[in-house]
1. Could you say whether any residue in the stretch 172-191 is crowded, with 19+ Cβ neighbours inside 10 Å, at positive phi, touching a residue at least 40 places away in the same chain (Cβ under 8 Å) and not assigned by TED's automatic domain parsing to the domain that holds residue 123?
2. Which of (1) in the same structural domain as residue 257 (by TED's automatic domain parsing); (2) at pLDDT 90 or above; (3) at positive phi does residue 131 not meet, given it meets every other one?
3. So residue 124 fits all but one of (1) in contact with a helix residue (DSSP H, G or I) (Cβ under 9 Å, 6 or more places away or on another chain); (2) crowded, with 17+ Cβ neighbours inside 10 Å; (3) free of Cβ contacts under 8 Å to residues at least 40 places away in the same chain; what number is the exception?
4. Mind checking which residues of the stretch 286-300 are in contact with a helix residue (DSSP H, G or I) (Cβ under 7 Å, 6 or more places away or on another chain) and either assigned to a strand (DSSP E or B) or in contact (Cβ under 8 Å) with a residue 60 or more places away in the chain (or both)?
5. When the stretch 233-276 is examined, which residues are found to be in a helix (DSSP H, G or I) and free of Cβ contacts under 8 Å to residues at least 60 places away in the same chain?
């Protein structure tokens, strides 16, 4: 076969030299680098933040056209009005006791067509005599104003937010009056109904005040007012920034710290410390006293109960203990 036939045969590939390879000249660099940093949301006109920015700019421009720019700047400098720092005391006993103790109330709300009894008549008489505005509202409106689990009994009293005393000032007040200190401190109690029940027991058995920690504890809110049946108006509640430090400060003043716990090593009947200055510390029903508080106590007292009962509610346990201390003090 001739050389020409070899060159032209099917499938034959003739290789040629391409010489020096030529680069892309940077044409693909932008594809590798991407489109650059993503714009801020407010700089993207299709984004909700961008639309809000454009709307604000249009509104500011309209205000300037109508001479409202200065007013707008002035409004921005004006501080916001503080929220209404008040609480509602609900229930006839609580409201009546609050009015009797002359707590500075601002408004008395009475449900329309409320059933009148001796307490309601006295409530209205005191309120009118003191010049407290009385507003008649529909019962549905009173339901809306109060919390869902509150039984307002057709009456509510708006009062300032609860003002707490200082624990040491509370002790000073008791000693100045010549009384034998009997205070109750709460450790980890978060149910306002327990606080209300304890306040009521303190008032019933000669105690002079209650101490609550600033953190992880219930405060003197409207639910505590309700449960205490108004005793919160007569029994001061102090707040401790650190309960353990407060208990140690009370110990330095000669007050004995008595803890109340189901695993206490001292039984309640015949408590030897009953005739001494006492601060009774009540722990939560579930966890009891905290470790640091237990270590601070001079004695940890337990209440003998039936083996069939696991534990007592914190409010009931405090009430039983306060009754026993009151009885022993009367005997001595």
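1. The answer is yes, given that some residue of the stretch 172-191 is crowded, with 19+ Cβ neighbours inside 10 Å, at positive phi, touching a residue at least 40 places away in the same chain (Cβ under 8 Å) and not assigned by TED's automatic domain parsing to the domain that holds residue 123.
2. If we test residue 131 against (1) in the same structural domain as residue 257 (by TED's automatic domain parsing); (2) at pLDDT 90 or above; (3) at positive phi, just (1) comes out false.
3. With respect to (1) in contact with a helix residue (DSSP H, G or I) (Cβ under 9 Å, 6 or more places away or on another chain); (2) crowded, with 17+ Cβ neighbours inside 10 Å; (3) free of Cβ contacts under 8 Å to residues at least 40 places away in the same chain, residue 124 is out only on (1).
4. Hits for the stretch 286-300 are 293, 299, 300.
5. If we filter the stretch 233-276 for residues that are in a helix (DSSP H, G or I), which is where we start, we get 233, 243-252, 272-275.
Answer for the stretch 233-276, where residues must be in a helix (DSSP H, G or I) and free of Cβ contacts under 8 Å to residues at least 60 places away in the same chain: 243, 244, 245, 248, 251, 252, 272, 273, 274.
The values are calculated or read from the model by the stated rules, or taken from the named source; none is laboratory data. It should be emphasised that the depicted structure is a prediction, and the values quoted were computed from it without experimental measurement. Here Cβ is always computed from backbone atoms with ideal geometry, including for glycine, and neighbour counts include all displayed protein chains.
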